[in-house]
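Asker: Dumping the structure here so I can ask a few things about it.
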Amino acid sequence: METCLVDAHWYTLKEQIIAPHIIDREHLDLVHFPHWNVPLLLRTPFIVTIHDLILLEEPRSAKVTTRHPLVFFLKRLAYRNVLRSSLKRSRAIIAVSQYTKSSILTHFPWVPAEKIHVVYEGLTNLHQTPPCLPLSRGGELEVPPPSQGGARGGRVRPYFLYVGNAYPHKNLESLLHAFSFFHKLHPDVRLVLAGRNDIFYERLKKELAQIDVAPEAVEFTLNPSDADLANLYRGATLYLFPSRSEGFGLPPLEAMSFGVPVAAARRTSLPEILGDAALWFNPDDIQEMVSVMETALVNNPLRDSLVNKGFEQIKRYSWTTMTREILKIYESCA
């Protein structure tokens, strides 16, 4: 195996100019792009993986930017053109869920359905990551693993967990409002939000300051390592996933692999991916979110059932299976 590094950041004009020349000169039989940003000038045959079309389906997320409006408009225009070109010129398209496939056909009905192959993602085994104590999260949170008195061990306050970014379609503002009502009923429960330290989490902190909830009830775990994430999953009482739009949704599957019950939004790909192994709520209904939190906390038989179903559900998502299915697509495009 040979590695060829391209000195260009993704989603840039430089990538569009430099990458096709470097790739084409290798005279490759086929290139697999794991994302939509295929260079427009590329001549080498390729296949492309599409994870979601959130920028087309979630206007609020699509409009969020820290750049000048004109720059954002130009990049948005480039996104649509590059995506359309990728779908049209590819030998095959891999969609990570049936929902993503249907989204492609909805927004680009001229794409032949038989050109799109649904291949589920694989689930990384975070259990191979040893527990770490104390955790390092910018000094904002230390959660002992169960063997040291974790949340499910009963000797520290229980916590609900969310892992992921804070983009608007993740719907974390609604989660904060729902938790503020829930916390009044169960003041011993915390909410832990883990993700990359960026402007979106900073905005979320400002939103939290306007909500009627004790400051110590919500904790941010920023830039966690894999070891930190494994530690968080091990101790969580419930995993919450309020996202309005997902092409797949790996974090709730990771939670299931640690025996954590999951409650998720009944939207887009999530019912397909999580099946009957999750509790469901309307992400726009604060009262229903509170009710689901309450049920998940106090109904032990239901929790046990969700845990067992979760262990079965994650068996559907294997890196080995994914690799074999993609290899078949490579062979069909040869």
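Asker: Step by step: first the residues of the range 68-97, then only those that are assigned to a loop (DSSP other than H, G, I, E, B) and either within 20 Å of the chain's Cα centre (by Cα) or polar (S, T, N, Q) (or both), then the one that is nearest to PRO112 (Cα to Cα). Which residue is that?
Answerer: Ranking the qualifying residues of the range 68-97, first place goes to SER90.
Asker: Do we have ARG25 as more than 26 Å from LEU270 (Cβ to Cβ) and either touching an Asp or Glu at 6+ places or on another chain (Cβ under 9 Å) or buried (at least 16 other Cβ atoms within 10 Å of the Cβ) (or both) here?
Answerer: No; evaluated as a whole, the condition is false for this residue.
Asker: Tell me the residue from GLY235, GLY247 that is within 16 Å of the chain's Cα centre (by Cα) and at negative phi, please.
Answerer: Answer to the check: GLY247.
Asker: A further question follows. Residue by residue through the range 1-59, note down the ones that are out of contact with any Pro (no Cβ under 9 Å at 6 or more places or on another chain) and hydroxyl-bearing (Ser, Thr, Tyr).
Answerer: Selection gives THR3, TYR11, THR12.
Asker: Pull up the range 218-227, narrow it to residues that are surrounded by fewer than 20 Cβ atoms within 10 Å (Cβ to Cβ) and more than 17 Å from the chain's Cα centre (by Cα), then point me to the one that is modelled with the highest pLDDT.
Answerer: GLU219
Asker: Which number in (1) touching a helix residue (DSSP H, G or I) at 6+ places or on another chain (Cβ under 8 Å); (2) aliphatic (A, V, I, L, M); (3) crowded, with 21+ Cβ neighbours inside 10 Å marks the one condition that ILE286 misses?
Answerer: (3)
Asker: Oh, and also: Hey, among the residues in the range 34-55 that are farther than 23 Å from ASN165 by Cα and not aliphatic (A, V, I, L, M), which one's surrounded by the fewest Cβ atoms within 10 Å (Cβ to Cβ)?
Answerer: Only one residue tops the list, namely ARG43.
The values are calculated or read from the model by the stated rules, or taken from the named source; none is laboratory data. Keep in mind the model is a prediction, meaning the values are calculated, not measured. Note that we place each Cβ from the backbone using ideal geometry, even for glycine, and neighbour counts take in every protein chain shown.
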